[in-house]
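Asks: Pasting a structure here, questions to come.
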Amino acid sequence: MNCELAHERIVLASYGELLDEQAHELDRHLLTCAECSQEREQLLALKTLAAAYPAVEPDPNFVARSRMRLEEALDAIPPKRWYERVSQRIVNNFSSLQAAPVAAVLLLIVGAGAGTLGGYEFAQARAAHSAVRVTDAQSTPQVQPTQSAPAMVANVSSVVRQPNSELVDVTYNAVVPQHLQGTLDDPNIRQLLMLASENSASQGVRDDSVGLLAAECRAGHGCQGEGIRDALMVALRYDKSEAVREKALKGLEPFVSQDTRVRDAILEALLNDSDARIRSAAISILEPVEADTSVRQVLSTVATSDHNPHIRTVSREVLSRAPEIQ
């Protein structure tokens, strides 16, 4: 058995959906492959953490924005030539004869595409009828209290903090490019910064946005669970930039003791992040809550099976500081 097949079977085995013969074959492979054995341990630890908390439904606005981004990505794909479509249809027909579930998957994809198109048309209609009041940066230096950020924002194109000032300039795109200026305490500015941290196509914009949000959290300025803190957890889990993830981690540090969701996000970073600096920083942040059962379980797994010697050493040192709980 190769490692690629083992990775697929590890997931099935963790949910009890693997045949006995395949399970025995997987066990034999894990005895000789340290990498796959480590992956199984990490998956079991993550499954234990996930089982402790109920699943949370995604925000409807987040789903709508995701559908818009998916539609834009699909539109950017060049159309296939006629012979490519014919060959693809032949392959699909042949596959449907081999396994009936393939047909169900195709129907699911068609249904998802129809739902995406409907969501995109609905978002366009809603954005076209939204009345948004914004200011001109040259004529109005500060946002009026009656202004509100738009209900649907396509993306944020730039975030600039004025030197030696609490003013932040945010340029975002709705139906047409818009501009908004206000302080970091302004809820409209915060909303735009959170949107920029999630769906901006520019790494620099995401970096600036997450950096400002993290600074607000570290300063203790209204970093509530529903909002900025959630945006930082999303950035820590899913952003492709190491710099953005590192800033998000630092912004979440003050809440590791009081918010179990923050603690779980940092544990996931310790288990799965590709950057050793971020994982090492996660261990330091988790040290004040080392007595927590989930924290000790993950630290024990990392201390014994992590591929990075430094990470293993630091994890053992943290665990050794509380020997009476071991």
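Just so it is clear, none of the values below were taken in a lab; they were calculated from the coordinates. Every value quoted in this text rests on a predicted model; they were computed, and no experiment measured them. All Cβ positions, even for glycine, are placed from backbone atoms using ideal geometry, and neighbour counts span all protein chains on display.
Asks: Rank these for me by crowding, Leu44, Leu167, going from fewest to most other beta carbons within 10 Å.
Replies: So the ranking, lowest neighbour count to highest, is Leu44, Leu167.
Asks: Moving on to the next point. Under a plain spin-label model, where a point goes 7 Å from the Cα along Cα-to-Cβ, how far apart in nm are His7 and Ser300?
Replies: Between His7 and Ser300, the label points sit 2.8 nm apart.
Asks: So, one more: What FRET efficiency comes out for the pair Asn61/His221, r = Cβ-Cβ distance, R0 = 30 Å, nearest 0.05?
Replies: On the way: r = 24 Å, r/R0 = 0.79.
FRET efficiency, Asn61 to His221: 0.80.
Asks: Quick check on the exposure proxy: order Met1, Met233, Met68 from fewest to most C-beta atoms within 10 angstrom.
Replies: Met1, Met68, Met233
Asks: May I ask you to order 237-244, 262-269 by the average number of other C-beta atoms within 10 Å around their residues, highest value first? Intermediate values should be presented prior to the final figure.
Replies: Values: 237-244: 15.2, 262-269: 23.1.
So the peptides 237-244, 262-269, ranked by packing, come out 262-269, 237-244.
Asks: Could you please rank Leu192, Leu49, Leu19, placing first whichever residue has the fewest other Cβ atoms within 10 Å of its Cβ?
Replies: In increasing order of surrounding Cβ atoms, one gets Leu19, Leu49, Leu192.
Asks: Roughly how many nanometres apart are two label points built 7 Å out from the Cα toward the Cβ at Ala276 and Arg316?
Replies: With each label point 7 Å from Cα toward Cβ, the separation is 1.6 nm.
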